[in-house]
Amino acid sequence: MAVVRVEKDWGGRRLVLETGRLAKQANGAVLVSYGDTVVLATAVASRAPREGIDFFPLTIDYEERLYAVGRIPGGYIKREGRSSEKGILSARLTDRALRPLFPKGFHNDVQVIITVMSVEHDCPVEIAGMIGASAALHISDIPFDGPVSGAVVGFLNGEYVLNPTLDEDDQSRMHLAVASKQDAVVMIEAGAHRVTEQEVLQAIRFGFEQNQIVIGLQEELREKAGREKGDFPIVPPSTEIRAAVEEVLAGRLEGAMRNADKLQREADTAVLESEVTAAMAERFPERGLEVQDALKAARKAVMRRLILREGVRADGRKLDEIRPISVEVSVLPRTHGSGLFTRGQTQVMTTCTLGAISDMQRLDDIGSDESKRYIHHYNFPPFSTGETRPLRAPSRRSIGHGALAERSLLPMIPPEEQFPYTIRLVSEVLESNGSTSMASVCGSTLSLMDAGVPIEAPVAGVAMGLVKEGDEVAVLTDIQGLEDELGDMDFKVAGTADGINAIQMDIKIAGLDWAILERALEQARKGRLFILGKMLEVIKEPRTEMSPHAPRITVLHINPDKIREVIGPGGKMINKIIDETKIGQKKVEIDIHDDGTIYIAAVNADMAQQAINRIQAIVKEPEVGEVYHGRVTRLMNFGAFVEILPGKEGLVHISQLALDRVGKVEDVVQVGDELDVKVVEIDHMGRLNLSHKALLTR
């Protein structure tokens with residue numbers, strides 16, 4: 001196979017797509033170089049459909065290799081293990097862009113593996129991976145309605161920037177990833193700092209236009225090296241079975257589905273579906289999956305007909321109506337902050353825990369950040385949907401939802417200089433019927449304000465849906481699970497009263513036009529403001545007093561040259577301070593930074609003050625004329641050495657021990673005695689000469 005390369009300048013760097021040199025046994029393989037970022041994307045399809053399934057088994061694997069940034073993995077094993085959170089989020093980003101573009105009824109396993117081989121942090125790795133995945137599928141024989149391209153859009157000094165550098169990204173008010181085909185947007189994900197809907201829309205347009213360059217490059221690669229699309233089996237829906245199912249249902253499904261209560265609706269539809277399944281088992285033996293597909297199609301048709309023809313949803317709401325909302329704070333007595341947010345049959349409790357700076361998360365991935373002090377975790381237990389399943393490690397979905405909630409609140413978190421805490425939020429999904437991630441955003445705002453974290457502004461989120469049949473379009477506010485499953489879009493928008501902080505859009509159709517995007521953003525703004533109003537009725541602003549169970553952190557600034565003295569040899573001094581100031585099992589936490597900044601965290605104020613006093617005593621420089629209460633540490637023939645400050649001692653000459661003449665030092669003091677002394681001299685070598693005699697009177 002000949003090596004084929006196509007390349008173009010894009011966003012100020014050279015983008016190169018190459019095939020025919022690496023991984024030649026894959027259905028498609030493309031090496032993407034963007035600046036010094038290099039990723040290998042491969043696409044492989046199984047030779048036959050997977051038996052016994054009614055879904056498309058697509059897997060996107062994003063493999064980070066630490067050699068890409070010149071590092072050896074930490075830990076004992078010294079090799080990469082499970083994917084990092086960044087790797088999982090990058091895989092999801094690509095998955096959501098590609099998944100809608102495969103034909104319905106295609107059941108062959110398809111695996112796309114993106115291997116990160118070299119990283120230049122100014123060239124976005126996840127975008128190179130998405131482009132490579134699309135190109136590998138596009139030149140392969142696998143059926144795929146692409147190509148697609150992705151781009152990152154920044155917003156800096158009022159201008160949009162394509163694939164901003166790290167420095168530009170730090171200053172940007174927006175980090176928006178947009179994936180698109182030649183004629184439509186297919187995926188959006190963004191973090192921002194209170195940008196307007198129009199600014200977001202213009203950023204999407206800018207990214208869409210820039211994507212056309214890369215789409216053209218992929219088309220050129222296919223012309224030169226593409227394989228003819230294969231004759232893979234596509235399982236079409238059976239019109240015969242669908243007609244038979246509709247005959248048995250006899251219009252009864254709509255009545256069962258018109259119910260605001262999720263569990264009762266599912267129970268009623270389950271009764272009908274059991275009847276249909278039993279009837280079809282005789283007529284169409286061994287075609288159970290097609291019967292289930294026909295039942296899903298029937299549910300989908302009823303839901304969409306109600307929305308498009310009657311303007312009402314299964315639970316009776318109007319298209320822009322939000323479910324009843326309940327808000328509570330301070331639900332848990334011993335946590336530092338807690339918020340319970342309920343919207344219809346979706347309920348999330350978020351807790352806030354405040355810790356010392358040393359509690360921040362250390363990162364071991366290919367990213368440029370080494371740590372983070374604001375962390376959000378999301379848990380989705382099976383009881384939240386009335387189901388049973390084994391509890392395992394967090395799924396990709398849970399990690400993605402946690403990251404979305406984290407991204408929504410991050411711009412509002414006060415800087416370390418203003419609020420020197422590590423902040424961890426945990427959202428526990430207690431009930432789920434649509435948009436738990438946005439409920440997590442609302443619960444997070446409540447718990448942060450309840451904990452007394454001085455956030456810049458409260459944040460709320462809402463999920464938008466879409467039903468589109470030809471020219472008929474309905475945009476739904478606050479979608480429930482049924483509308484997510486059977487609708488065409490899940491468009492989550494979170495922000496403050498002034499603007500948007502985060503967006504995540506997934507679609508199930510080939511793409512969205514600009515009119516729908518603009519309409520969804522405006523409808524989301526109104527929904528977000530309504531939800532914010534309900535939250536602010538309960539808690540208007542962050543509490544001025546933190547929980548008595550939260551640590552209080554004091555910040556000291558010392559001369560960096562004194563850090564060694566505070567730590568002591570082998571940490572002896574700092575460990576001594578911690579041990580001497582503890583009360584029971586409670587200890588202070590002391591974090592020392594290279595610039596001389598010291599963070600002292602303690603739940604008890606007395607513990608903190610004692611630690612502060614000891615540190616200040618260590619770094620304090622004695623001055624002539626000052627009086628100290630010291631302890632005798634050594635006796636010599638010519639005098640006694642007295643420790644006046646931790647690690648600092650001076651000499652009391654035998655002539656300065658008493659008013660009268662002293663024959664032997666031991667006649668006046670012993671080792672361990674406490675003695676008041678005055679600094680009478682600091683010589684040119686920094687040695688202290690002390691006097692006890694100067695404090696005595698006859």
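Rule-based calculations on the coordinates, nothing more; no lab input. These figures come from a predicted structure and were not determined experimentally. Please note: Cβ atoms are built from the backbone with ideal geometry, for glycine as well, and neighbour counts cover all protein chains shown.
When you filter the trypsin sites (Lys or Arg not before Pro) in segment 325-403 for DSSP loop state and at most 16 other Cβ atoms inside 10 Å of their Cβ, you are left with ARG334, ARG392.
Taking a quarter of the surface of the Cα convex hull of segment 69-145 gives a mean projected area of 6.5 nm².
Applying 0.36 nm per residue to the separation of LEU201 and ALA267 and subtracting their alpha-carbon distance, the gain on full extension is 19.6 nm. Annotation for segment 494-589: trypsin sites (Lys or Arg not before Pro) lying in DSSP loop with at most 13 further Cβ atoms inside 10 Å of their Cβ are LYS540.
Averaged over residues, the count of other Cβ atoms within 10 Å places the peptides 279-286, 421-428 in the sequence 421-428, 279-286, highest first.
With 10 Å bins beginning at zero, the pair-distance distribution over Cα atoms of segment 77-192 amounts to 12, 40, 32, 13, 2 %. Taking every alpha-carbon pair within segment 182-296, the share separated by more than 18 Å comes to 71 percent. Among the trypsin sites (Lys or Arg not before Pro) found in segment 1-88, those both in a DSSP coil and sparsely packed, with 12 or fewer other Cβ atoms within 10 Å of their Cβ, are LYS24, ARG50, ARG71, LYS78, ARG79, ARG82. A simple rule links phi to the HN-Hα coupling: the Karplus curve 6.51 cos²θ - 1.76 cosθ + 1.60 with θ = phi - 60°, which for segment 206-218 gives 4, x, 4, 5, 5, 5, 4, 5, 6, 4, x, 5, 5 Hz, with x for Gly and Pro.
Take the alpha carbon atoms of segment 524-541, find their center, do the same for segment 245-276, and report the distance between the two centers in whole angstrom. Segment 524-541 and segment 245-276 have Cα centres separated by 35 Å.
Post the alpha-carbon centroid distance, segment 360-376 to segment 75-128, in whole angstrom. Measuring centre to centre over Cα atoms gives 19 Å.
Considering only beta bridges that DSSP places wholly inside the chain, some 90 percent are antiparallel. Projected over every direction and averaged, the convex hull enclosing the alpha-carbon atoms of segment 281-366 yields 13.2 nm². The protection proxy used here, the mean number of other Cβ atoms lying within 10 Å of each residue, ranks peptides 492-502, 631-641 as follows, highest first: 492-502, 631-641.
In cubic angstrom, how much convex hull volume per residue do the alpha carbon atoms of segment 391-498 span?
Details: hull volume 13.8 nm³, N = 108.
Per residue, the Cα convex hull of segment 391-498 comes to 128 Å³.
What number, rounded to the nearest 500 deg cm²/dmol, is the helix-based mean residue ellipticity at 222 nm of the chain, given -39500 (n - 2.57) per DSSP H run of at least four residues and division by all its residues?
-9500 deg cm²/dmol
Where the centroid of each part is defined by its Cα atoms, how far is segment 158-186 from segment 295-348 in Å? After rounding, the separation between the Cα centres reads 32 Å. When you work out D = kT/(6 pi eta Rh) for the chain at 4 °C and 1.567 mPa s, using the Kirkwood radius from C-alpha pairs as Rh and the Stokes-Einstein form, the result is 44 µm²/s.
Please say if segment 431-582 is rounded, prolate or oblate, where rounded means a/c under 1.5 for a ≥ b ≥ c the square roots of the C-alpha gyration tensor eigenvalues, and otherwise the choice is prolate for a/b larger than b/c and oblate otherwise? Taking the square roots of the gyration eigenvalues as a ≥ b ≥ c, segment 431-582 is prolate.
Over segment 239-310, the fraction of Cα-Cα pairs per 5 Å bin, rounded to whole percents and listed from the shortest bin up, is 3, 16, 29, 24, 16, 8, 3, 0. Length, then width, then depth: along the principal axes, the Cα atoms of segment 325-536 run 56, 41, 40 Å. First obtain the Kirkwood hydrodynamic radius of segment 552-619 from its Cα pairs, then insert it into the Stokes-Einstein equation at 25 °C and 0.890 mPa s, and state the resulting D in µm² per second as a whole number. The Stokes-Einstein estimate is 209 µm²/s.
Using Cα positions and a limit of under 12 Å, work out the aspartates and glutamates in reach of LYS181, with same-chain residues fewer than 8 apart set aside. Excluding near neighbours in sequence, the set is ASP145, GLU209, GLU219, ASP513.
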